[in-house]
Amino acid sequence: MPEIRTILATDCGSTTTKAILITKQDGSYRLTSRGEAPTTVEAPFDDVTVGVTNAVREVEELSKRKLLDADGKVAVASKDGDEGADLYLSTSSAGGGLQMTVAGVVKAMSAESAQRAALGAGAIILDVIAVDDGRKDYQKVERIRQLRPDMILMSGGTDGGTINHLVELAEMLVSADPKPRLGIGLNLPVIYAGNKDAYPAVEELLEDRVSLRKVDNLRPTLERENLLPAREAIHELFLEHVMQQAPGYGKLSSWVSTGIMSTPNAVGKIMQTIAAQRNITVLGVDIGGATTDVFSVFKSLQGDSIYNRTVSANLGMSYSICNVLMEAKAENIRRWLPFNVSDAELRNQLRNKMIRPTTIPQRMEDLQIEQAVSREALRLAFEHHKSLARGLTGVQQTRTIGEAMTQSGTGLTLVNMMSLDMIVGSGGVLSHAPRRAQSALMMMDAYQPEGVTLLTVDSIFMMPQLGILSTVQPEAATEVFERDCLIYLGTCIAPVGAGKEGDACVTVDVGGSSTAVSYGSIKVIPLGFVTGEDGEPQRAEATINPARGFDVGNGKGRSRTVTVTGGLSGIIIDARGRPLTLPADDPTRLRKIKEWMAAMDIPVDAPNA
């Protein structure tokens with residue numbers, strides 16, 4: 001197989017198409033150029049390849065390398081290696097991404113498993129239909145008919161279990177006669193991942209009405225969940241049905257070296273690759289204008305790595321910013337501000353952002369309000385993620401039938417903040433914050449990491465391209481992710497526990513010097529990079545001695561020695577306690593917010609400050 005030296009990758013987003021060029025230099029892969037252009041999936045162009053060509057042309061100009069042929073198509077690398085690309089890959093969320101409806105027998109079991117399978121494959125869930133979801137049958141039929149999803153995932157019953165309920169779901173689909181969002185006259189793809197014994201009856205009802213595909217049962221037994229076959233089928237149907245109907249994707253499919261992957265699915269791939277290669281647990285977020293995606297790789301009780309993804313389709317920083325206000329309430333947003341603002345003024349500010357989604361903050365006050373909203377959007381999306389990232393995901397776990405019936409979800413949440421090794425933040429408000437310390441503080445406030453956690457951000461959101469690259473060239477994806485994508489903010493040390501302000505909380509010994517931090521405070525110990533900010537971060541051994549009643553991972557009052565990683569903010573000792581509680585009275589709260597920002601070297605200037 002010839003050596004791959006030049007890789008071109010594009011991500012066709014809903015508004016912007018981004019292209020990156022990766023080349024092998026001195027034996028390692030590095031990002032060399034990046035370009036972007038408006039996505040052209042809608043009128044007047046109705047051809048996604050126009051935006052791709054425009055973005056690649058910008059990369060051509062910056063890299064001085066010819067990448068397009070005379071027809072405007074991405075060229076294959078020439079024999080001398082001076083033109084074209086050895087590998088061309090693409091991801092896409094243009095045209096609204098992959099939109100799905102899932103259906104199951106029991107809402108808290110098979111329907112929840114179907115939801116996890118679809119979310120993990122990069123889908124946006126339009127609705128969850130279940131026999132026991134509380135709606136009348138005619139309401140479910142009306143809802144299925146109105147949604148026009150790209151595909152439906154149908155599940156329910158253990159193998160050898162219920163048949164009647166699955167036939168009932170199939171009859172609902174017959175009555176609804178759902179049509180796909182794209183492709184006039186085509187049958188809607190339906191993936192059947194339920195009781196194998198019920199499939200003949202379901203097939204008899206649906207075979208001429210939908211494009212039916214059978215895969216292994218999502219829940220073959222009550223104690224086991226098997227998501228991979230359904231996720232693979234979703235990805236295949238996304239390529240075969242959804243992508244082929246979107247304007248210009250047929251042409252783009254003939255250009256790429258491998259299939260087009262949905263953007264969220266690709267981001268999940270790079271998260272899983274990094275977690276596997278480093279053998280760590282990872283929490284990632286992509287906060288956009290309309291939605292917030294949360295990705296995680298945590299360990300099960302058996303020690304297996306389990307990947308989960310959720311999308312909060314109503315939480316974002318522009319189009320959906322008023323949904324954040326509605327869900328979080330004004331007082332929860334206002335509590336993060338270093339100045340007083342009325343509810344009416346806050347509401348008006350956010351409504352202005354919603355109707356002018358492309359504007360950016362012009363004043364310090366505007367920036368601080370936007371970052372306060374982001375804390376609540378991140379917090380709410382994380383709560384949603386924890387509710388779905390539960391046990392039984394891809395592993396076998398024994399419980400009694402009585403426990404299964406009484407639990408609201410399928411097991412306890414897998415999200416264990418004390419065992420979390422790294423947080424990766426992405427999206428405009430985190431990746432493009434004026435000061436990187438602001439990104440660190442936003443993630444600390446929203447996620448409240450416990451023990452010892454490395455904080456990072458994606459510099460220019462190239463994770464989708466690196467995700468699809470990791471499926472064919474993991475070495476290149478990892479090298480570029482480490483050197484050009486990931487920005488190290490530093491390590492957060494956060495003892496769990498509560499106390500009184502000013503009481504002893506934790507002492508951290510690094511490099512022969514000792515730093516004591518009292519409860520309610522933040523302190524930063526400088527620890528940067530070996531060779532400049534784009535070089536390798538410094539690492540040091542730290543001994544953490546929590547006060548009695550506080551835990552940093554070894555139990556209350558027990559010390560812990562770990563290797564900490566530096567970054568732009570260094571070692572951040574967050575002694576505000578967990579769970580984090582802000583003072584109830586305004587004067588004290590304002591004083592503490594300003595104190596914490598000053599500790600992180602974040603400017604506080606604002607009206608009435």
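The values are calculated or read from the model by the stated rules, or taken from the named source; none is laboratory data. The model shown is predicted, which means the values in this text are computed figures rather than measured ones. Every residue, glycine among them, receives a Cβ derived from its backbone with ideal geometry; neighbour counts consider all protein chains shown.
Consider P229 carefully, then state whether it is part of a helix (DSSP H, G or I), within 25 Å of the chain's Cα centre (by Cα) and either in the same structural domain as V105 (by TED's automatic domain parsing) or in contact (Cβ under 8 Å) with a residue 60 or more places away in the chain (or both). Show your work before the answer.
Details: part of a helix (DSSP H, G or I): yes; within 25 Å of the chain's Cα centre (by Cα): yes; either in the same structural domain as V105 (by TED's automatic domain parsing) or in contact (Cβ under 8 Å) with a residue 60 or more places away in the chain (or both): yes.
When the stated conditions are applied, P229 passes them.
Based on what the data block shows, is A111 at negative phi and at pLDDT below 90? Spell out how you get there, then give the answer.
On the way: at negative phi: yes; at pLDDT below 90: no.
For A111, the condition - at negative phi and at pLDDT below 90 - is not met.
Yes/no per residue for (1) buried (at least 16 other Cβ atoms within 10 Å of the Cβ); (2) touching a residue at least 40 places away in the same chain (Cβ under 8 Å); (3) assigned to a helix (DSSP H, G or I):
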| position | (1), (2), (3) |
| --- | --- |
| Y192 | yes, no, no |
| F238 | yes, yes, yes |
| K251 | no, yes, yes |
| S254 | no, no, yes |
| N265 | yes, yes, yes |
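Is it the case that K594 is in contact with a Pro (Cβ under 7 Å, 6 or more places away or on another chain), basic (K, R) and not in a strand (DSSP E or B)?
Details: in contact with a Pro (Cβ under 7 Å, 6 or more places away or on another chain): yes; basic (K, R): yes; not in a strand (DSSP E or B): yes.
Answer is yes for this residue.
Run T221 past the list (1) under 25 Å from V106 (Cα atoms); (2) in contact (Cβ under 8 Å) with a residue 60 or more places away in the chain; (3) crowded, with 16+ Cβ neighbours inside 10 Å and report the number of the one that doesn't hold.
So the condition that T221 fails would be (3).
Identify all residues within the stretch 47-80 that are in contact with a Ser or Thr (Cβ under 7 Å, 6 or more places away or on another chain) and on the phi > 0 side of the Ramachandran plot; write none if there are none.
Answer for the stretch 47-80, where residues must be in contact with a Ser or Thr (Cβ under 7 Å, 6 or more places away or on another chain) and on the phi > 0 side of the Ramachandran plot: just G72.
Pull up the stretch 319-354, narrow it to residues that are aromatic (F, W, Y) and touching a Leu at 6+ places or on another chain (Cβ under 9 Å), then point me to the one that is nearest to D445 (Cα to Cα).
Initial filter on the stretch 319-354 (aromatic (F, W, Y)): 319, 336, 339.
Now narrow it down to the ones that are touching a Leu at 6+ places or on another chain (Cβ under 9 Å): 336, 339.
Values: W336: 9, F339: 17 Å.
Selected residue: W336.
Exactly one condition in (1) assigned to a helix (DSSP H, G or I); (2) under 22 Å from T515 (Cβ atoms); (3) of a type outside the set (F, W, Y) is false for I572; which is it?
(1)
Would you call E370 of a type in the set (D, E) and either closer than 22 Å to M443 by Cβ or in the same structural domain as R116 (by TED's automatic domain parsing) (or both)? Reasoning before the result, please.
Details: of a type in the set (D, E): yes; either closer than 22 Å to M443 by Cβ or in the same structural domain as R116 (by TED's automatic domain parsing) (or both): yes.
Yes; evaluated as a whole, the condition is true for this residue.
From T10, T49, T39, T17, which residue is modelled with pLDDT of 95 or more and crowded, with 23+ Cβ neighbours inside 10 Å?
The conditions single out T10.
Filter the stretch 87-108 down to the residues that are touching a Gly at 6+ places or on another chain (Cβ under 9 Å), within 30 Å of K73 (Cα to Cα) and at pLDDT below 90 and list them by number.
S92, S93, A94, G97, L98
Among (1) touching a helix residue (DSSP H, G or I) at 6+ places or on another chain (Cβ under 6 Å); (2) surrounded by fewer than 18 Cβ atoms within 10 Å (Cβ to Cβ); (3) assigned by TED's automatic domain parsing to the domain that holds D445; (4) not polar (S, T, N, Q), there is one condition V604 misses while meeting the rest; what is its number?
All conditions are met except number (3).
Does the stretch 275-289 contain any residue that is surrounded by 22 or more Cβ atoms within 10 Å (Cβ to Cβ) and free of Cβ contacts under 8 Å to residues at least 60 places away in the same chain?
Within the stretch 275-289, one or more residues are surrounded by 22 or more Cβ atoms within 10 Å (Cβ to Cβ) and free of Cβ contacts under 8 Å to residues at least 60 places away in the same chain.
Out of T561, T581, T565, T507, which single residue is touching a Lys or Arg at 6+ places or on another chain (Cβ under 9 Å), polar (S, T, N, Q) and touching a residue at least 12 places away in the same chain (Cβ under 8 Å)?
Values: T561 fails: touching a Lys or Arg at 6+ places or on another chain (Cβ under 9 Å); T581 fails: touching a Lys or Arg at 6+ places or on another chain (Cβ under 9 Å); T507 fails: touching a Lys or Arg at 6+ places or on another chain (Cβ under 9 Å).
So the residue among T561, T581, T565, T507 that is touching a Lys or Arg at 6+ places or on another chain (Cβ under 9 Å), polar (S, T, N, Q) and touching a residue at least 12 places away in the same chain (Cβ under 8 Å) is T565.
Looking at the stretch 423-435, which of its residues are in contact (Cβ under 8 Å) with a residue 12 or more places away in the chain and surrounded by fewer than 22 Cβ atoms within 10 Å (Cβ to Cβ)? Steps first, answer last, please.
In the first step, residues of the stretch 423-435 are kept if they are in contact (Cβ under 8 Å) with a residue 12 or more places away in the chain; the result is 423-431, 433-435.
Those that are in contact (Cβ under 8 Å) with a residue 12 or more places away in the chain and surrounded by fewer than 22 Cβ atoms within 10 Å (Cβ to Cβ): G428, S431, A433, P434, R435.
Would you mind stating whether I522 is in a strand (DSSP E or B) and assigned by TED's automatic domain parsing to the domain that holds M271? Lay out the reasoning, then the answer.
On the way: in a strand (DSSP E or B): yes; assigned by TED's automatic domain parsing to the domain that holds M271: yes.
Considered against the rule, which asks whether it is in a strand (DSSP E or B) and assigned by TED's automatic domain parsing to the domain that holds M271, I522 comes out as yes.
With the condition being over 27 Å from T15 (Cα atoms), I'd like the strands (runs of 3 or more DSSP E) fully within the stretch 418-518 carrying at least 2 qualifying residues.
Details: elements: 422-426, 451-458, 486-494, 504-510, 513-518.
Answer list for the stretch 418-518: 451-458, 486-494, 504-510, 513-518.
Go through the residues of the stretch 329-339 one by one and say whether even a single one is surrounded by fewer than 17 Cβ atoms within 10 Å (Cβ to Cβ) and part of a loop (DSSP other than H, G, I, E, B).
Yes: one or more hits.
I'd like to check something: does the stretch 470-480 contain any residue that is crowded, with 22+ Cβ neighbours inside 10 Å, closer than 25 Å to S92 by Cβ, assigned by TED's automatic domain parsing to the domain that holds T581 and of a type in the set (D, E)?
No, there is no match, as no residue in the stretch 470-480 is crowded, with 22+ Cβ neighbours inside 10 Å, closer than 25 Å to S92 by Cβ, assigned by TED's automatic domain parsing to the domain that holds T581 and of a type in the set (D, E).
Are any residues in the stretch 1-41 among the aliphatic types (A, V, I, L, M), in contact with a Gly (Cβ under 7 Å, 6 or more places away or on another chain) and touching a residue at least 40 places away in the same chain (Cβ under 8 Å), and if so, which ones? If you could, list the steps in order and put the result at the bottom.
Narrowing the stretch 1-41 to residues among the aliphatic types (A, V, I, L, M): 1, 4, 7-9, 19-22, 31, 37, 41.
Keeping just the survivors that are in contact with a Gly (Cβ under 7 Å, 6 or more places away or on another chain) gives 19, 37, 41.
Once the filter is applied, which keeps residues that are among the aliphatic types (A, V, I, L, M), in contact with a Gly (Cβ under 7 Å, 6 or more places away or on another chain) and touching a residue at least 40 places away in the same chain (Cβ under 8 Å), the stretch 1-41 yields A19, V41.
Looking only at the stretch 551-569, how many residues end up being surrounded by fewer than 19 Cβ atoms within 10 Å (Cβ to Cβ) and in a loop (DSSP other than H, G, I, E, B)?
Matching residues across the stretch 551-569 total 6.
Could you list, in sequence order, the residues of the stretch 1-29 that are small (G, A, S) and in a strand (DSSP E or B)? Reasoning before the result, please.
Restricting attention to the stretch 1-29, the residues satisfying the condition of being small (G, A, S) are 9, 13-14, 19, 27-28.
Answer for the stretch 1-29, where residues must be small (G, A, S) and in a strand (DSSP E or B): A9, A19, S28.
With within 28 Å of the chain's Cα centre (by Cα) and either closer than 30 Å to H235 by Cβ or buried (at least 16 other Cβ atoms within 10 Å of the Cβ) (or both) as the only criterion, which of T507, T453 stands out? Please lay out each step first, then the result.
On the way: T507 fails: within 28 Å of the chain's Cα centre (by Cα).
The match here is T453.
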